[in-house]
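Some notes on the structure that comes next.
The values are calculated or read from the model by the stated rules, or taken from the named source; none is laboratory data. Since the model is a prediction, treat every value here as computed from it, not as a measurement. With ideal geometry, Cβ positions are generated from the backbone for all residues, glycine too; neighbour counts draw on all protein chains shown. Just the protein is used for accessible areas: all its heavy atoms, side chains included, with ligands, DNA and RNA removed. Shrake-Rupley method; radii C 1.70, N 1.55, O 1.52, S 1.80 Å.
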Amino acid sequence: MSSIIVNEKDISLLIQTDQLFAEIHHLHQSPPNWSRPPGFTTLAKIILEQQVSLSSAHAHFLKLEGYIKEFTPANILKLSDDEMRNCQISRQKSKYLRELSNAILHKEIDLEEFPNLDEVEIRKRLTSIKGIGHWTADVYLMFCLGAKDILPLGDIAIVNTLKELTGAKTKEEMLALSEKWKPFRSLATYFLWHHYLIKRNRQSSQLGYSS
């Protein structure tokens, strides 16, 4: 599945499809090709990023990573509730990290298999784990596996940017709008994030991903 989401050929096709992206490209140029290495560590980070600021999640991850010798499912499961709390990991996030760790150790999920599976099956396997919903699956699919047709409407930045730029008010309206962006909705998402960050005078690195 892995591919480069931001590339000149797809940008050209998307811009021809919708003037919205032509305008963003004219104003801000192309977005970075944000990506992350696939695997347990990245998926754990994405779980920590749920419903909090990326800077807070990053600080909590660094504290947790610094506390254990190696960031592995086995080491996560060795931590007590107090140790998790001392690393600023909430009770809920602690539970989610343990659920993921158990699923990996018991071979209920094998992240190394994912590049050979289709998006539907990957999403099914990820969301079978308590604490992993569609937003987490969307981010992992795009940033780690290069899935090209993802529109993460669980992402508040995407929803707010679409409201701002298109006037769409509901997720149903946004989904309808996005039909013409297929099969490049991940690229469309990157353009929307790019616009969101620049409008707020934030660096692309503040999205929490590397380019």
Query raised in the report: From the square roots a ≥ b ≥ c of the eigenvalues of the alpha-carbon gyration tensor of the stretch 88-189, which class results: rounded (a/c under 1.5), prolate (a/b over b/c), or oblate?
Result: oblate
**Report entry** GluC sites (Glu not before Pro), loop per DSSP, at most 15 other Cβ atoms within 10 Å - longest free stretch of the chain
**Finding:** 109-211
Query raised in the report: Which whole-Hz couplings ³J(HN,Hα) result when phi for each residue of the stretch 34-46 is put into the Karplus expression 6.51 cos²θ - 1.76 cosθ + 1.60, θ = phi - 60°, listed in order with x for Gly and Pro?
Result: 4, 7, 9, x, x, x, 4, 4, 5, 5, 4, 4, 5
Query raised in the report: Taking only Cα atoms, what is the 0 to 90° angle, nearest 10, from helix 19-28's long axis to the longest principal axis of the chain?
Result: 70 degrees
Requested in this report: Would you rank Tyr67, Tyr96 by solvent-accessible area, highest first, keeping every protein chain in place and using a 1.4 Å probe?
Outcome: Tyr67, Tyr96
**Report entry** Mean residue ellipticity (222 nm) of the chain, computed from DSSP H runs ≥ 4 via -39,500 (n - 2.57), nearest 500
**Finding:** -17500 deg cm²/dmol
Report task. Would you compute the Debye intensity of the stretch 3-120 from its alpha-carbon atoms alone, equal scatterers and no solvent, and pass along log10 I(q)/I(0) at q = 0.09, 0.13, 0.22 Å⁻¹ to two decimals? Result -> -0.38, -0.68, -1.19
Report summary line: hull vol. (C-alpha, convex hull) per residue for the stretch 98-143, Å³ -> 70 Å³
Report task. Taking H placed 1.01 Å from N in the peptide plane, check which residues at least 5 places from Phe71 or on another chain put their amide H under 5 Å from its amide H. Result -> none
Requested in this report: Could you tell me which of the pairs Lys45/Lys148; Lys95/Lys182; Lys45/Lys78; Lys93/Lys124; Lys124/Lys169 are separated by over 25 angstrom between their Cα atoms in the structure shown?
Outcome: Lys95/Lys182; Lys124/Lys169
Query raised in the report: Of the trypsin sites (Lys or Arg not before Pro) in the stretch 113-211, which ones lie in a loop per DSSP and count no more than 15 other C-beta atoms within 10 Å?
Result: Lys130, Lys169, Arg200, Arg202
Query raised in the report: How far is the Cα center of the stretch 1-44 from the Cα center of the stretch 88-148, in Å?
Result: 22 Å
Query raised in the report: So what is the relative contact order for the stretch 1-80, in percent, with contacts set as C-alpha pairs under 8 Å and at least six apart?
Result: 20 percent
Query - Ser12 versus Lys180: modelled label distance in nm, points set 7 Å from Cα along the beta carbon direction - result: 2.1 nm
Requested in this report: With everything on Cα atoms, drop me the angle between helix 185-199 and the longest principal axis of the chain, reported from 0 to 90° to the nearest 10.
Outcome: 90 degrees
**Report entry** Rounded to whole Hz, the Karplus (6.51, -1.76, 1.60) HN-Hα couplings of the stretch 4-15, x for glycine and proline
**Finding:** 8, 6, 8, 8, 4, 4, 5, 4, 4, 5, 5, 4
Query raised in the report: Residue-wise, which Karplus ³J(HN,Hα) couplings in Hz belong to the stretch 144-156, taking 6.51 cos²θ - 1.76 cosθ + 1.60, θ = phi - 60°, and x for glycine or proline?
Result: 9, 10, x, 5, 8, 10, 10, 10, x, 7, x, 9, 5
Report summary line: Helix 54-67: inclination vs the chain longest Cα principal axis, degrees, rounded to 10, gives 30 degrees
